[in-house]
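The values are calculated or read from the model by the stated rules, or taken from the named source; none is laboratory data. Because the structure is predicted, anything quoted here is derived from the model rather than measured. Here the Cβ positions follow ideal geometry from the backbone for every residue, glycine too, while neighbour counts run over all protein chains shown.
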Amino acid sequence: MKQAPDLTTDTPAWPEDAIEVGRVLDAWGIKGWLKILSHSADAEALFASRRWFMQPSERALPGKPQAVPPILKILSVRDHGDGIVAQVEGVSDRSGAEALKGARIFVSRSIFPEPDEDEYYWVDLIGMTVVNREAQTLGEVVDLLDTGPHCVLRIAPAGKTAPVKPDEEILVPFVAAYVDTVDKSERRITVDWGLDY
């Protein structure tokens with residue numbers, strides 16, 4: 001019986017800036033390839049990293065933990081149809097790939113490609129304080145919604161913490177008509193939006 005390579009050799013430490021970027025959907029083919037679900041329409045972070053940091057699925061059955069290596073070394077990753085497929089070191093057959101189904105994929109935020117001017121990664125906007133032109137604090141960005149034509153900031157009102165009820169959150173379209181500035185260093189977004197909208 002052939003033994004899989006030890007993927008923990010020279011394993012770098014878990015990055016402090018680790019961001020979950022996707023998960024293993026299923027096996028792809030019979031040679032150990034993985035079908036990957038990206039959490040972003042632009043999966044550049046998955047393509048840019050030669051190592052994916054891994055965690056078991058949060059839906060693993062109690063008493064039956066999922067055995068997931070801490071790191072997968074990427075041999076090949078590519079677009080395939082409407083998804084992504086990857087070949088990783090140490091997984092050479094379908095059953096090995098199926099064992100990773102549901103595993104969560106993380107990469108270091110530092111390897112994300114630099115966005116263009118006036119472009120932002122969602123992960124960078126979450127947690128920012130949102131104020132209006134009158135310097136009134138609306139709250140904190142807890143998530144974004146992708147509506148197709150544009151994104152919408154989901155804001156937990158000042159004084160409330162996530163999770164907030166849908167009827168309590170403030171929704172502001174993330175478009176130039178309403179967003180004046182995004183100050184990454186101050187972690188603040190200024191919007192043309194009233195407290196009573």
query = Looking only at the range 76-96, which residues are touching a residue at least 24 places away in the same chain (Cβ under 8 Å) and at positive phi?
reply = GLY90
ask   = Are any of the residues in the range 89-109 among the hydroxyl-bearing types (Ser, Thr, Tyr), under 16 Å from ASP17 (Cβ atoms) and in contact with a Pro (Cβ under 7 Å, 6 or more places away or on another chain)?
value = yes
key: Qualifying residue in the range 76-84 (condition: more than 15 Å from the chain's Cα centre (by Cα), modelled with pLDDT of 90 or more, more than 30 Å from ILE126 (Cβ to Cβ) and surrounded by 14 or more Cβ atoms within 10 Å (Cβ to Cβ))   = no
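Test of understanding: among TRP52, TRP33, TRP28, which residue is touching a His at 6+ places or on another chain (Cβ under 8 Å), of a type outside the set (A, V, I, L, M) and on the phi < 0 side of the Ramachandran plot?
Just one listed residue meets the conditions, TRP28.
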message = Quick check on the range 127-135. Is at least one of its residues within 25 Å of GLU20 (Cβ to Cβ), in contact with a Lys or Arg (Cβ under 8 Å, 6 or more places away or on another chain), at pLDDT below 90 and surrounded by 15 or more Cβ atoms within 10 Å (Cβ to Cβ)?
response = no
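Per-residue answers, yes or no, for (1) assigned by TED's automatic domain parsing to the domain that holds ARG154; (2) within 17 Å of the chain's Cα centre (by Cα):
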residue	(1), (2)
ARG94	no, no
ALA97	no, no
GLY102	no, yes
PHE106	no, yes
ASP116	no, no
GLY127	yes, yes
ASN132	yes, no
GLN136	yes, no
GLY139	yes, no
note = Residue hits (the range 93-134; closer than 16 Å to GLN55 by Cα, part of a loop (DSSP other than H, G, I, E, B) and among the small types (Gly, Ala, Ser)) are ALA99, GLY102, ALA103
query = Out of (1) at positive phi; (2) surrounded by 14 or more Cβ atoms within 10 Å (Cβ to Cβ), the odd one out for ALA158 is which?
reply = (1)
task = State whether one or more residues within the range 145-166 are touching a helix residue (DSSP H, G or I) at 6+ places or on another chain (Cβ under 7 Å) and among the basic types (Lys, Arg).
result = no
query = Restricting to the range 142-190, what's the tally of residues that are at pLDDT below 95, of a type in the set (Lys, Arg) and in a strand (DSSP E or B)?
reply = 1
message = Let me confirm something: among ARG59, ARG78, which residue is part of a strand (DSSP E or B), of a type in the set (Lys, Arg) and out of contact with any helix residue (DSSP H, G or I) (no Cβ under 7 Å at 6 or more places or on another chain)?
response = ARG78
query = Taking the stated definitions as given, is LEU46 of a type in the set (A, V, I, L, M, F, W, C), buried (at least 17 other Cβ atoms within 10 Å of the Cβ) and modelled with pLDDT under 85?
reply = no
